[in-house]
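To start, the structure itself, in structure tokens.
The values are calculated or read from the model by the stated rules, or taken from the named source; none is laboratory data. In this text, all values refer to a predicted model and were calculated from it rather than measured experimentally. Glycine also receives a Cβ, built like all others from the backbone with ideal geometry; neighbour counts cover every protein chain displayed.
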Amino acid sequence: MGGQARYAGRAAQASAKMLSFAKARVAIKKQRYSEKRGGLRFPTNVRTLPAEFGVAEKLKTGSFTMSADTMTGLQLRSLIKKSGELEISLASVPVPEPGPDEVVVRVEASPINPSDLGLLVGAADMTTAKASGTKDAPVITAKVPDAAMRAMAGRLDESMPVGNEGAGVVIKTGSSDAAKALMGKTVAMIGGAMYAQYRTIRAKEVLPLPDGTTPAEGASCFVNPLTSLGMVETMRREGHTALVHTAAASNLGQMLNKI
């Protein structure tokens, strides 16, 4: 129990440091991000759905279907067909009603981690990527080399949601006190299917962010901090005294430098 408590404490400290670091980066670079992304002031590894999908304004204004009885939203899906083709598309999917201990989060930012890319594009050769479909229903396709198809066997012909972690605002809750307490809060979360407009998730699986923290600043609270902690804790457990990493080359490296 003592080891678990120490690990939890370090995880909380790492997340706090990551939030502070993200805020500093956004403050320094927000003008450049604003120019590049039409006013979306996100860190370099945080994205909303790209403009070429034709839905940026709808995402910002929340103009997709939502009523008292039904709720739908866009979700990014990745499909690798048995024919050897990757297909990335936007699907309009129903948002599950929250159970007693669940909340619905309007996703406003989500980072792109290497593990996300692994699911998003699989083994496809993205130099062969082509765009088709319509402005409201775009489709990106690419060829998967024959030699790589065996590695994709477990996911063939299965449309899969993408995105490990993200952050947003709680817009609907279940009946429990824990869920209700999160109404209107900006939270970070992990659990998959985060490249979407909405995400229904258990209340205990979200991390309320400090007041004034934006979703973009809190979207990377899990993968990088916990990976960094895992690397450092493993290093210490195995008796190593140093860790060599390209500290300035990635968010993970910069997080390691912080802790």
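Key figures for this structure:
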| item | result |
| --- | --- |
| Residue within region 193-206 that is more than 16 Å from ILE112 (Cα to Cα), surrounded by fewer than 17 Cβ atoms within 10 Å (Cβ to Cβ), of a type outside the set (S, T, N, Q) and free of Cβ contacts under 8 Å to residues at least 40 places away in the same chain present | yes |
| Count of region 123-144 residues which are touching a Ser or Thr at 6+ places or on another chain (Cβ under 7 Å) and part of a loop (DSSP other than H, G, I, E, B) | 0 |
| Residue identified as surrounded by fewer than 18 Cβ atoms within 10 Å (Cβ to Cβ), in contact (Cβ under 8 Å) with a residue 60 or more places away in the chain and hydroxyl-bearing (Ser, Thr, Tyr) among SER115, SER110, SER92 | SER115 |
| Count of region 230-259 residues which are aliphatic (A, V, I, L, M) and part of a loop (DSSP other than H, G, I, E, B) | 7 |
| Whichever residue in region 95-106 is part of a strand (DSSP E or B) and touching a helix residue (DSSP H, G or I) at 6+ places or on another chain (Cβ under 8 Å) and, among such residues, is surrounded by the fewest Cβ atoms within 10 Å (Cβ to Cβ) | GLU102 |
| Members of region 127-141 that are among the hydrophobic types (A, V, I, L, M, F, W, C) and either in contact with a Cys (Cβ under 9 Å, 6 or more places away or on another chain) or closer than 26 Å to GLY191 by Cα (or both) | ALA137, VAL139, ILE140 |
| Options ALA216, ALA147, ALA193, ALA179; residue that is assigned to a helix (DSSP H, G or I), within 20 Å of the chain's Cα centre (by Cα) and at pLDDT 95 or above | ALA216 |
| Any hit, region 169-191, residues being closer than 30 Å to LYS82 by Cα and small (Gly, Ala, Ser) | yes |
| One residue from GLY163, GLY168 being in a loop (DSSP other than H, G, I, E, B) and not β-branched (Val, Ile, Thr) | GLY163 |
| Residue count, region 160-182 (criterion: free of Cβ contacts under 8 Å to residues at least 60 places away in the same chain and surrounded by fewer than 18 Cβ atoms within 10 Å (Cβ to Cβ)) | 3 |
| Search result, residues across region 196-213 that are among the hydroxyl-bearing types (Ser, Thr, Tyr) and in a strand (DSSP E or B) | TYR198, THR200 |
| Residue in region 219-228 that is without any contact (Cβ under 8 Å) to a residue 24 or more places away in the chain and either in a loop (DSSP other than H, G, I, E, B) or within 21 Å of SER92 (Cα to Cα) (or both) present | no |
